[in-house]
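Single-structure report; data block below.
FYI, it's all coordinate maths here, none of it is from the lab. Predicted model only: the values in this text are computed from it and were never measured. Glycine also receives a Cβ, built like all others from the backbone with ideal geometry; neighbour counts cover every protein chain displayed.
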């Protein structure tokens, strides 16, 4: 039964993500025109922001284990468009717009990277503020704030820690580890 729920979460998220990508792309291209792939750039940038934000939020408060599958793997997997980005880059190149192709590739990578940094920063701030509010409401620490960029404890940087599977994750589903000091063992 658990595998069926996981399949349902992934499928539902994928269907919603694909439709969000299609309709957003349709309206953006209708608004700005097809000369430059603005829709794909916008989708990949907002998807990068969303994955940064949601990774931070879901590392603290996970409503249900399948929620990450629904939103991050399913929805954002269907929403973001790396393969479309690669094809559009090649199309610009082959049309002779090599400079525009290079600008598009560089801007997509840079915007995606900056968006994921912004998403992580906003997510950290939200988790710290919500955690402090819950502490005041219930009278005891609810969660430990997610540290800023740099050491996460034990001398690890964000990329290394982000790629370590959590004990509850299945192979291939990577997430930030829980930073609950009461559960950590040295």
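Label separation (residue 125 vs residue 113): 2.2 nm, computed from points 7 Å beyond Cα along the C-beta direction. Placing a label point 7 Å from the Cα of residue 100 along the Cα-to-Cβ direction, the residues of the range 30-71 whose backbone N falls under 14 Å of that point are 32-39.
Modelled this way, with points 7 Å down the Cα-to-C-beta line, the labels at residue 23 and residue 5 are 2.8 nm from one another. Computed from label points 7 Å out along Cα-Cβ, the spacing between residue 93 and residue 137 is 5.1 nm. In whole Å and largest first, what semi-axes does the C-alpha gyration tensor of the range 2-146 yield when each eigenvalue is scaled by 5 and square-rooted? Rounded to whole Å, the semi-axes are 35, 19, 11.
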